[in-house]
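Reading through the structure tokens given below for one structure.
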Amino acid sequence: MSVVIVVGAQWGDEGKGKVVDLFTERADVVVRYGGGANAGHTLVIDGQKLVTHLVPSGVCHPGKSCVLGDGMVIDPHTLLEEVAQCQARGLLVRDELLIGLGAHVILPYHKLVDGLREDHGAKRGKAIGTTRRGIGPAYEMKAARRGIRVRDLLRPERLAELVARNLDDLGPVIEHLGGTRPSKDEVDGWIRDAVAAGERLRKHTGDAGRHVARAIAEGRHVLFEGAQGCLLDLDHGTYPYVTSSSTIAAGACQSAGIGPTQIDAVVGITKAYATRVGEGPFPTELHGDEGERLRKAGGEYGATTGRPRRCGWLDLPALRMGVRLSGMQSLALTKLDVLAGMAEVYICVAYQLDGRELDEPPTDPDDLARAQPVYTKFPGWGPLPSDARDVTDLPAPARAYIDAIERMAGVPFCLVSVGPDRSETIRLHDPFA
Ligand code: IMP
């Protein structure tokens, strides 16, 4: 029996989709545990692309149980579209999906408030750069104990009451932010659509916590799939430029309702360089041609919003923080091939701030914005062999780069990805072993 958590070690978009897809070969149950349709996992299988936002990336392996945990915030319409897209490809046709009845629901007014706040913030130079998917407002209502859960979609009267109460709270907020309160007809339409979506999803709903606990008790392999990355964690990330959920490994236990003693391994995913979407300090960001080159080579455009991602050199202080926050025992390195063809590559090994050298990001966002990266330069390498199956198949400079990351992050690699396809992978250690 093995219970493994896979978590993004940076600011999200580390290529978790591919890694989760590979690890799912060995898993029986795959669980998404936090966030919502703000995430976007791009999977390339046999050259074909599938983007998932809510359904776990393990979906591509028919017959594996795919769970949406209670800690998620789920837009039922997005979920239905995604299920239909998967089913059109012959996936999720065997009753594999289980949606936690305790997960919270995102309705149109959550997205409305998210968008209005962003527009309002942008005018004052204070936007977070959210995905506008209603994530923050849905988690706010949850914390205020006024949230709407998947179970409420199945009780139309209760749903209508809760929606009315939410809009009593949010009406003045919407107006203050320059929006228009939704009309009664509009709200009635939202409720009707939500009830209809609930009916279509009903057969997939259940007690996700007990399902996962039972699988663990039966000795099955369970894989928890993190969304976003450790530096976007609500408590420990680069607040306030974070998402509204717990993105670190501990969030898996909290969201799925299992104890930390059940976890056997935590794997972090890091890209060979760094990216960030939205606002917030990013010390190794590359502007101009260098950043653009990475963006183009890595296809660094948001899978959810299509926004160009900010690109920069690998940031070891940030990675160390991710390793620490999630207790990662190994790392999967992705997109090493994207750096191929560069004359030289850099790793930020520390920050300089007010005459001090820091091995992790300072906790205050203004300090992080002032921190100066200290770089180590590495010789570049040419194209990587896509059939590389061992690190010894890689050019010596690429090996030296990997060795340096391992040494400075303090944890070994369990996998190195040298291209987008499943086959373009060097597997070093099986976390389920
Ligand atoms: P929210 O989660 O939509 O509220 O956005 C808050 C911050 O998290 C913004 O900077 C987003 O760009 C970022 N974010 C949210 N989800 C992802 C993701 O899946 N990948 C990368 N960044 C994300």
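The values are calculated or read from the model by the stated rules, or taken from the named source; none is laboratory data. Remember, predicted model here, so these are calculated numbers, not experimental data. Methodologically, a virtual Cβ is constructed for each residue, glycine included, from the backbone with ideal geometry; neighbour enumeration extends over all protein chains shown.
Here are the numbers:
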read-out: Failed item in (1) within 15 Å of the ligand (Cβ to nearest atom); (2) surrounded by fewer than 24 Cβ atoms within 10 Å (Cβ to Cβ), with Gly322 passing the rest; value: (2)
read-out: Residue, farthest from Gly302 (Cα to Cα), within the range 33-79, restricted to residues that are outside any helix (DSSP H, G or I) and among the polar types (S, T, N, Q); value: Ser65
read-out: Top-ranked residue in the range 243-257 [being of a type in the set (A, V, I, L, M, F, W, C) and buried (at least 21 other Cβ atoms within 10 Å of the Cβ); ranked as nearest to the ligand (Cβ to nearest atom)]; value: Ile248
read-out: Criterion violated by Val51 - all others in (1) over 21 Å from Gly12 (Cα atoms); (2) in contact with a Ser or Thr (Cβ under 6 Å, 6 or more places away or on another chain) satisfied; value: (1)
read-out: Residue in the range 55-77 that is surrounded by fewer than 19 Cβ atoms within 10 Å (Cβ to Cβ), under 20 Å from Thr131 (Cα atoms) and modelled with pLDDT of 95 or more present; value: yes
read-out: Answer residue from the range 97-130, given it is at pLDDT 95 or above and charged (D, E, K, R) and is nearest to the ligand (Cβ to nearest atom) among those; value: Asp114
read-out: Output for the range 189-239, where each listed residue is of a type in the set (D, E, K, R) and touching a Ser or Thr at 6+ places or on another chain (Cβ under 8 Å); value: Glu225, Asp233, Asp235
read-out: Search result, residues across the range 16-32 that are assigned to a helix (DSSP H, G or I) and touching a Leu at 6+ places or on another chain (Cβ under 9 Å); value: Gly17, Lys18, Val19, Val20, Asp21, Leu22, Phe23, Thr24
read-out: Count of residues meeting criterion [of a type in the set (D, E, K, R), closer than 16 Å to Asp168 by Cα and away from the ligand (no atom under 14 Å from the Cβ)] in the range 131-158; value: 3
read-out: Restricting the range 1-54 to residues that are more than 14 Å from the ligand (Cβ to nearest atom) and of a type in the set (Lys, Arg), the residue that is surrounded by the fewest Cβ atoms within 10 Å (Cβ to Cβ); value: Lys49
read-out: Listing of helices (runs of 4 or more DSSP H) fully contained in the range 99-171 that carry 1 or more residues being of a type in the set (Gly, Ala, Ser); value: 108-123, 135-143
read-out: Filtered residues of the range 391-433 (kept if of a type in the set (D, E, K, R) and farther than 24 Å from Ser2 by Cβ); value: Asp393, Arg399, Asp403, Arg407, Asp421, Glu424
read-out: Lone unmet requirement of (1) assigned to a loop (DSSP other than H, G, I, E, B); (2) touching a Phe, Trp or Tyr at 6+ places or on another chain (Cβ under 7 Å) for Asp13; value: (2)
read-out: Verdict on Ile74 being within 30 Å of Pro281 (Cβ to Cβ), within 16 Å of the ligand (Cβ to nearest atom) and of a type in the set (A, V, I, L, M); value: no
read-out: Long-range neighbours under 8 Å by Cβ, at least six apart or interchain, first residue among the charged types (D, E, K, R) within the range 198-217, second buried (at least 20 other Cβ atoms within 10 Å of the Cβ); value: Asp207/Gly100
read-out: Residue check for Ile263: β-branched (Val, Ile, Thr), within 15 Å of the ligand (Cβ to nearest atom) and within 30 Å of Ile216 (Cβ to Cβ); value: no
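This table checks each residue for (1) under 16 Å from Ile405 (Cα atoms); (2) touching a helix residue (DSSP H, G or I) at 6+ places or on another chain (Cβ under 9 Å); (3) away from the ligand (no atom under 14 Å from the Cβ); (4) part of a helix (DSSP H, G or I).
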site: Val267; (1), (2), (3), (4): yes, yes, yes, no
site: Thr275; (1), (2), (3), (4): no, yes, no, no
site: Gly280; (1), (2), (3), (4): no, yes, no, no
site: Gly291; (1), (2), (3), (4): no, no, yes, yes
site: Gly306; (1), (2), (3), (4): no, no, no, no
